[in-house]
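Accompanying notes for the structure given below.
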Amino acid sequence: MTLTKLKSKNNISILILIVLIYIVLTIVCLNNCYFWDNIQQISKEAHWFYLTDFNSLLIPVNSGAEIVATGYHPPLMGIMTATLWKVFGYHLWVSHVFALMWAFILIFNVWKIIRLLFPDNFIGWIMPVILLESTLLTQFAIGSPDFILFTAFVVSLRAILERKPMLLTIGIFFLCCINMRGIFAGATLLIVLFYFNYLQKKENQDHRSVLKIMIPFLPTLILLSAYFIYYFIGHGWFFSGSTSSGHYSIPTGVGQIIKHVAEFGLRSIENGRIIIWFLGIYIAYLTYKSKTLLTQIEKVLLLFFLLLSGLYIIFILITQMPFSARYFMPQFFILSIMTLLGVLKFFNKNSVKFIFILIICFELTGNLWIYPDRIAKSWDCTLAHLPYYELRKDCFKFIEAEEIDYKDISGGFCFYGNSRFIDLTQNDKTIGIDSNRKYYIYSNISNVEDRFVKELQNKNAWFPIKTFEKGFVNITIYKKNSLNHNRNQFQNH
């Protein structure tokens, strides 16, 4: 067997291993309930189309309704999910199998991009770095819209690099119609495509006219324009009812901006990503010091990274929008590619393999990044959250066994609301969001405000009647002390 065939065989083995990891993760998560923002962005919006038989494109916006639209996110995710429910049945596994389909698309297109940019003997090292990153794996595990957004971004990027207009049309459609962040990424890709075309023209390579560049973007642009015009006519401006403390309101002072900058920095480097950032900054220094010229593709990748990152920095200054590590998956993908290109350029062969192993190990530890209770955690970006599903079931089995009335229960994020939208149950069992009821379900998953955590720890106000704990996740049912109910009724459970 020749050396080339051996390298190719090793690359295929790594590819198969990655595919198997995604399949196994799908099986593990197959019947997990909707988690984190998926409760709103997938389940609630899908229920609107499912229950109304697609009679209206506009989801209600009044805060008193059970199903409320985000508005600024296009409704494609809800429409696709509701359609799948109609075809395959009203089941949790539908969303997870749908995510697996997108995973196959992602793996194939990442493979194509890496083969385009890197020597064949390093493909087997680079694939795990890109595809086993904890935020990406977790977004896949929960069937998140952001996983589909990221896949569509990779498809679009590949289409640009390989000059495939039809593929770009498809990629841009899914990228921009999943949510507003996809629209930002799509607009940035259009600028990048113009720049790529300019570089090719400058170097007397084949280039396209402005019209040809725009054609793949036009179907999505027309469709989204029609939707938003229809939305504005029906509901008005997105944030017309927002308050001074809303996510899209202006920061109230310098201190809040500084806190926002710190959050932006933490979400960018958390879950093991810090190793890529550290290496990326060092590679940038070596590139500057050696006066190494960037290739066309490196210039294009750098422009996208700077433009989209710059947009989020603007959001720091003009909004109070909370950040999540999942927001930065496209930028982090670009940063990883550029960093790995730099590693091959500036380090010898033996050092390169050590660096790749270090990166992979560091990224895998991203699933172990757990902060103190007072620091909010992006639980939807780490597989450390997986015990939550089992503990949640145990929690509600206890509630059912004790015949506690759901009208007497409130809870934190991921617990409050109608269980129909979270677990796809046939019965409406609603938990309140206020803390004035007899019982409160607390979990570190919920990122409850510090002041209320202190209140729960005050034994004169609340006492725990049951705790469920596994791995890094805990759930406790608290009962109000002031109600003078007999504590002993729970001691045997």
Exercise for review: With a 1.4 Å probe and all protein chains in place, put Glu263, Glu45 in order of accessible area, largest first.
Suggested key: Glu263, Glu45
Exercise for review: Among Ser134, Pro464, Val343, pick out the residue whose Cα is farthest towards the positive end of the charge dipole of the chain, where Lys and Arg carry +1 and Asp and Glu carry -1 on C-beta, about the Cα centre.
Suggested key: Val343
Check your understanding: Are there any helices in the chain, counted as whole DSSP H runs, that stretch 15 Å or more along their axis by Cα and score at least 1.6 on average by Kyte-Doolittle, and if so which?
Key -> 3-29, 93-117, 165-178, 296-318, 329-346
Check your understanding: Which residues make up the longest stretch of the chain clear of trypsin sites (Lys or Arg not before Pro) that lie in a DSSP loop with no more than 11 other Cβ atoms within 10 Å, not counting the sites?
Key -> 1-290
Review point. Which value, in Å² and to the nearest 10, is the accessible area of Ile258 when all protein chains are kept and the probe is 1.4 Å?
Key: 110
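Any idea of the accessible area per residue across the chain, 1.4 Å probe, to the nearest Å²?
47
Per 0.36 nm of contour for each residue apart, how much would the distance between Ile318 and Lys259 grow if the chain were fully extended, relative to their Cα-Cα spacing? Display every interim value, and only then the final one.
Working: separation 59, 0.36 × 59 = 21.24 nm, distance 1.33 nm.
Separation in residues times 0.36 nm, less the Cα-Cα distance, equals 19.9 nm.
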Review point. How much of Leu303 can a 1.4 Å solvent probe reach, expressed as accessible area in Å² and rounded to 10?
Key: 40
Exercise for review: Using the charge dipole of region 320-465 (Lys, Arg: +1 at Cβ; Asp, Glu: -1 at Cβ; taken about the Cα centre), state which of Phe328, Trp379, Ile359 has its Cα farthest towards the positive end.
Suggested key: Ile359
Check your understanding: How about region 364-411: which GluC sites (Glu not before Pro) there lie in a loop by DSSP and see at most 12 other Cβ atoms within 10 Å?
Key -> Glu403
Check your understanding: Where the only charges are on Cβ atoms (+1 Lys, Arg; -1 Asp, Glu), what is the dipole of the chain about its Cα centre, to the nearest 20 debye?
Key -> 1380
Point to revise | Computed FRET value (nearest 0.05) for Thr52 with Phe228, which takes r as the C-beta separation and R₀ as 22 Å | key: 0.60
Exercise for review: Would you kindly find the accessible area of Val87, with a 1.4 Å probe and non-protein molecules such as ligands, DNA and RNA excluded, rounding to the nearest 10 Å²?
Suggested key: 100
Check your understanding: Where a Cα-Cα gap under 15 Å defines reach, which aspartates and glutamates qualify for Lys9, not counting those fewer than 8 residues away within the same chain?
Key -> Asp120
Practice item. Please label the shape of region 379-455 as rounded, prolate or oblate, based on the square roots a ≥ b ≥ c of the eigenvalues of the alpha-carbon gyration tensor (a/c under 1.5 means rounded; beyond that, a/b larger than b/c means prolate, else oblate). Key: oblate
Check your understanding: Between region 31-81 and region 325-343, what's the alpha-carbon centroid distance in Å?
Key -> 31
Check your understanding: How much of the accessible area of region 315-432, probe 1.4 Å, is carbon plus sulfur, in whole percent?
Key -> 59
Review point. Just the Cα atoms of the chain, one point each, no solvent: what log10 I(q)/I(0) does Debye give at q = 0.12, 0.13 Å⁻¹?
Key: -1.20, -1.38
Revision key, fill the gap. With every protein chain kept in place and a 1.4 Å probe, the residues Ser351, Ser268 fall, from largest accessible area down, as Ser351, Ser268
Check your understanding: For region 18-137, what % of the accessible area comes from carbon and sulfur atoms, probe 1.4 Å?
Key -> 66
Practice item. Could you work out the local net charge near Glu455, counting Lys and Arg as +1, Asp and Glu as -1, over the other residues with Cβ closer than 12 Å to its Cβ? Key: +2
Check your understanding: Between Arg115 and Phe463, what length in nm is gained on full extension when 0.36 nm per residue of separation is reduced by their alpha carbon distance?
Key -> 119.4 nm
Revision key, fill the gap. Rh (Kirkwood, all Cα-Cα pairs) for region 51-137, Å, reads 16.3
Exercise for review: Give me the distance in nm between label points sitting 7 Å out from Cα along the Cα-to-Cβ direction at Asp408 and Asp394, one decimal.
Suggested key: 2.3
Check your understanding: Normalised by the residues of the chain, what does the relative contact order come to in percent, with Cα pairs under 8 Å and at least six apart?
Key -> 15
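The values are calculated or read from the model by the stated rules, or taken from the named source; none is laboratory data. Predicted model only: the values in this text are computed from it and were never measured. As a convention, Cβ positions derive from the backbone with ideal geometry for all residues, glycine included, and neighbour counts pool all protein chains shown. Note: areas computed on protein heavy atoms with side chains; ligands, DNA, RNA excluded. Shrake-Rupley method; radii C 1.70, N 1.55, O 1.52, S 1.80 Å.
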